[in-house]
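Novice: Before I ask anything, let me first share the structure, which is written out below as structure tokens.
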């Protein structure tokens, strides 16, 4: 298991300010909406108008991912005339990063003044009647990673010691995506996302446990990012692409290339949904 210790509050704020300062030296856009693009979903960032890419490696304290399908860029531009920043790929706990580094990207968005973040991920399906390629609006989550970005002393300048998570996935943002999907004729599932540490896929016994706990999808990201964002008062919405059926439901061996291929196949619908969602989130 990767280290779960959290950095002291003063160093968290200092790292965020270093990162924001480096970004603002390179461009003047003030994004209102942030988007996190998961495995195989990064192509949306390339649709932004007046696109400017800043590699994570060019920014202080920003970790880079070694996972295929996570390009590692902060992308700035406009979608539906809304100024946007996209994380083109994310890092994961299973790569060995401390939890404070895993949430560095979304915390930087919040520190820049972003008021709404829309997260996407590739997930395994836990519902036998669902199919690979289905899209799921996340209504809530189970944090089964064994950690949280709020470990250690709290920095009151970032958020409260005990943030409320009763509506972690903003109801108005969820309603907005459902309306976008309805107008676009895109079928949208709804369900609970279980976040696990990874990187191994779940065993059939673990899948049965998650089903009994009430989850409809399982993945290795998202939950710690959502906690960090809600701690900082940012509104959150999330969308999962069900890229495969989980072990015990699927009849074949699970493979990351399947995850990427399925996500790429839904690129058109994802772009439509995100563009419409951003247009509504940017004015609310």
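Novice: Can you tell me which residue is surrounded by the most Cβ atoms within 10 Å (Cβ to Cβ) among those in the stretch 73-88 that are out of contact with any strand residue (DSSP E or B) (no Cβ under 6 Å at 6 or more places or on another chain) and within 12 Å of residue 51 (Cα to Cα)?
Specialist: 79
Novice: Another one. Under 8 Å between Cβ atoms, at least 6 apart or on separate chains: pull out the pairs that start in the stretch 190-204 with a residue that is in contact (Cβ under 8 Å) with a residue 24 or more places away in the chain and end on any residue that is part of a loop (DSSP other than H, G, I, E, B) and surrounded by fewer than 19 Cβ atoms within 10 Å (Cβ to Cβ).
Specialist: From the stretch 190-204, the pairs are 191/127; 192/214; 197/1; 197/146; 201/254; 203/248; 204/248.
Novice: Just one of 161, 182, 208 is more than 18 Å from residue 138 (Cα to Cα), surrounded by fewer than 13 Cβ atoms within 10 Å (Cβ to Cβ) and over 16 Å from the mean Cα position of the chain (by Cα); which is it?
Specialist: Being more than 18 Å from residue 138 (Cα to Cα), surrounded by fewer than 13 Cβ atoms within 10 Å (Cβ to Cβ) and over 16 Å from the mean Cα position of the chain (by Cα) holds for just one of 161, 182, 208, which is 161.
Novice: Name every residue in the stretch 135-151 that is over 17 Å from the mean Cα position of the chain (by Cα) and either without any contact (Cβ under 8 Å) to a residue 40 or more places away in the chain or buried (at least 16 other Cβ atoms within 10 Å of the Cβ) (or both), in order of residue number.
Specialist: First, the residues of the stretch 135-151 that are over 17 Å from the mean Cα position of the chain (by Cα): 146, 150-151.
The answer is 150, and nothing else.
Novice: Answer with yes or no whether residue 173 is under 26 Å from residue 107 (Cβ atoms), surrounded by 18 or more Cβ atoms within 10 Å (Cβ to Cβ) and at pLDDT below 95.
Specialist: So residue 173 does not fit the description; no.
Novice: While we're looking at this one, here's another question. Which of the numbered conditions does residue 116 fail, given that it passes all the others? Conditions: (1) surrounded by 23 or more Cβ atoms within 10 Å (Cβ to Cβ); (2) more than 18 Å from the chain's Cα centre (by Cα); (3) under 15 Å from residue 234 (Cβ atoms).
Specialist: (2) is the only condition that residue 116 fails.
Novice: Also, I was wondering about something else. Looking only at the stretch 33-53, which residues are at pLDDT 95 or above and buried (at least 18 other Cβ atoms within 10 Å of the Cβ)?
Specialist: Within the stretch 33-53, 33, 34, 35, 36, 48 meet the criteria.
Novice: Let me ask something else. With the condition kept exactly as written, say whether any residue in the stretch 174-186 is assigned to a loop (DSSP other than H, G, I, E, B), more than 29 Å from residue 63 (Cα to Cα), in contact (Cβ under 8 Å) with a residue 24 or more places away in the chain and in contact with a strand residue (DSSP E or B) (Cβ under 8 Å, 6 or more places away or on another chain).
Specialist: Taking the stretch 174-186 first, the residues assigned to a loop (DSSP other than H, G, I, E, B) are 185-186.
Restricting the remaining residues to those that are more than 29 Å from residue 63 (Cα to Cα) gives 185-186.
Next, from what is left, pick out any that are in contact (Cβ under 8 Å) with a residue 24 or more places away in the chain: 186.
If we keep only those that are in contact with a strand residue (DSSP E or B) (Cβ under 8 Å, 6 or more places away or on another chain) too, we end up with 186.
Yes, because at least one residue in the stretch 174-186 is assigned to a loop (DSSP other than H, G, I, E, B), more than 29 Å from residue 63 (Cα to Cα), in contact (Cβ under 8 Å) with a residue 24 or more places away in the chain and in contact with a strand residue (DSSP E or B) (Cβ under 8 Å, 6 or more places away or on another chain).
Novice: Quick one: which residue in 236, 218, 224 is part of a helix (DSSP H, G or I), touching a helix residue (DSSP H, G or I) at 6+ places or on another chain (Cβ under 6 Å) and touching a residue at least 40 places away in the same chain (Cβ under 8 Å)?
Specialist: Details: 236 fails: part of a helix (DSSP H, G or I); 218 fails: part of a helix (DSSP H, G or I).
Being part of a helix (DSSP H, G or I), touching a helix residue (DSSP H, G or I) at 6+ places or on another chain (Cβ under 6 Å) and touching a residue at least 40 places away in the same chain (Cβ under 8 Å) holds for just one of 236, 218, 224, which is 224.
Novice: Which one of 107, 161 is farther than 19 Å from residue 193 by Cβ and in contact (Cβ under 8 Å) with a residue 12 or more places away in the chain?
Specialist: Details: 161 fails: in contact (Cβ under 8 Å) with a residue 12 or more places away in the chain.
It is 107.
Novice: Ok, one more. Which numbered condition trips up residue 129, out of (1) more than 14 Å from the chain's Cα centre (by Cα); (2) touching a residue at least 12 places away in the same chain (Cβ under 8 Å); (3) under 28 Å from residue 272 (Cα atoms)?
Specialist: (2)
Novice: Among the numbered criteria (1) touching a strand residue (DSSP E or B) at 6+ places or on another chain (Cβ under 9 Å); (2) assigned to a loop (DSSP other than H, G, I, E, B); (3) modelled with pLDDT under 95, which one does residue 28 miss?
Specialist: (1)
Novice: Against the condition in contact with a helix residue (DSSP H, G or I) (Cβ under 8 Å, 6 or more places away or on another chain), outside any helix (DSSP H, G or I), within 24 Å of residue 188 (Cα to Cα) and in contact (Cβ under 8 Å) with a residue 60 or more places away in the chain, how does residue 122 come out, does it pass?
Specialist: Answer is yes for this residue.
Novice: Let me ask you something else. Would you confirm, using the coordinates I've provided, whether residue 64 is within 26 Å of residue 282 (Cβ to Cβ), modelled with pLDDT under 95 and in a loop (DSSP other than H, G, I, E, B)? Before you say what the answer is, go through the steps one by one.
Specialist: Working: within 26 Å of residue 282 (Cβ to Cβ): no; modelled with pLDDT under 95: yes; in a loop (DSSP other than H, G, I, E, B): yes.
No; evaluated as a whole, the condition is false for this residue.
The values are calculated or read from the model by the stated rules, or taken from the named source; none is laboratory data. This is a predicted model, so every value here is computed, not measured. Glycine gets a Cβ as well: all are built from the backbone with ideal geometry, and neighbour counts include every protein chain shown.
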